[in-house]
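The values are calculated or read from the model by the stated rules, or taken from the named source; none is laboratory data. Small disclaimer: the values here were computed from a predicted structure and weren't measured. For neighbour counting, all protein chains shown are included, and Cβ atoms are generated from backbone atoms with ideal geometry for every residue, glycine included. Protein only, heavy atoms only, side chains kept; ligands, DNA and RNA dropped before computing areas. Shrake-Rupley method; radii C 1.70, N 1.55, O 1.52, S 1.80 Å.
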Amino acid sequence: MKKILLVSLLVATIAGCSSSPSPSLNQYSEYTGGQTLGDATSLYWYTERLTKPFSAADYVNMNDYGWYKSNYRWSGDTLREFVREGVQNELESGSVNYRIHVRFNKDGEAIYQQYRRNGKVLPIKRAQLENYQREADLLVERVKEQDSDGLELIQGHWDGKSLETCSGIEFNNIKFEQSLPDFVVQRLAEVESYVAFLGSTRLSGAKVEQLLMLSDGSTDCIKRPVLATE
């Protein structure tokens, strides 16, 4: 995976985002969002069914510390399944690949758990299981709050004059609400780039509230992770 310049190293502002819900005939609503917190930049995808949590995913880049992606599934208001895989960079061990898979019952108790770390199966502490459940709740809370602000996660490629989003829509009028370091502004003006940001779009153009990720123009858009199977 290409190394991505995380704007969290450049800007101390912490913000979040989600998309306006898009209800379908099955009454599913889709949201997107993200945030920067310390060294970690997160992208979020969230689905509701009949106003209840249904599924979610995240992609988190921790710069030199590694990355991970996750899937969450609910039944009613209870998290029933959690899957995460990623790479953790450690001074002693180097790059460590890991995968976590947990299923919960209706009372929130773990009835299946598997933690593989560089091929070894290890136990998961109760405190960590509870932390995964809190992370799921916080993801939902954050995305819904961000949606109320009219923001969403937008990814695309910027050539200095126009933005072509990952959904194939082109915008020529881009307004940056966030103050950026001079060298980032210069890069955006001169170099074709992949960008991920929190903002909003209108017929008249796009508004950038917070730039999350910036990389070279050959970087692909990050898709919603799919780790859990039916």
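Structural remarks
For (1) open to solvent by 40 Å² or more (accessible area, probe 1.4 Å); (2) touching a Gly at 6+ places or on another chain (Cβ under 9 Å); (3) of a type in the set (Gly, Ala, Ser), each residue gets a yes or a no:
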residue	(1), (2), (3)
Ser70	no, yes, yes
Gly86	no, yes, yes
Asn89	yes, yes, no
Val102	no, no, no
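- Residues in the range 44-68 that are of a type in the set (A, V, I, L, M), buried (at least 16 other Cβ atoms within 10 Å of the Cβ) and not in a strand (DSSP E or B): Met62 alone.
- Residue, least open to solvent (accessible area, probe 1.4 Å), within the range 104-156, restricted to residues that are small (Gly, Ala, Ser) and under 24 Å from Thr229 (Cβ atoms): Ala136
- Complete set of residues in the range 191-230 that are at pLDDT 90 or above and closer than 20 Å to Thr47 by Cβ: Ala196, Leu198, Cys221, Ile222, Lys223, Arg224, Pro225, Val226, Leu227
- Contacts under 7 angstrom Cβ, first residue in the range 162-177 being closer than 14 Å to Gly199 by Cα and open to solvent by less than 90 Å² (accessible area, probe 1.4 Å), partner assigned to a strand (DSSP E or B) and of a type in the set (Phe, Trp, Tyr), 6 or more apart: Leu163/Phe171
- Hits in the range 187-229 (condition: in contact with a Lys or Arg (Cβ under 8 Å, 6 or more places away or on another chain), open to solvent by less than 40 Å² (accessible area, probe 1.4 Å) and under 19 Å from Ile174 (Cα atoms)): Ser193, Gly199, Ser200, Gly205, Ala206, Val208, Leu214, Ser215
- Within the range 74-84, tally of residues that are assigned to a strand (DSSP E or B), of a type in the set (D, E, K, R) and open to solvent by 50 Å² or more (accessible area, probe 1.4 Å): 1
- Val96 vs. criteria farther than 30 Å from Asp147 by Cα, β-branched (Val, Ile, Thr) and outside any helix (DSSP H, G or I): yes
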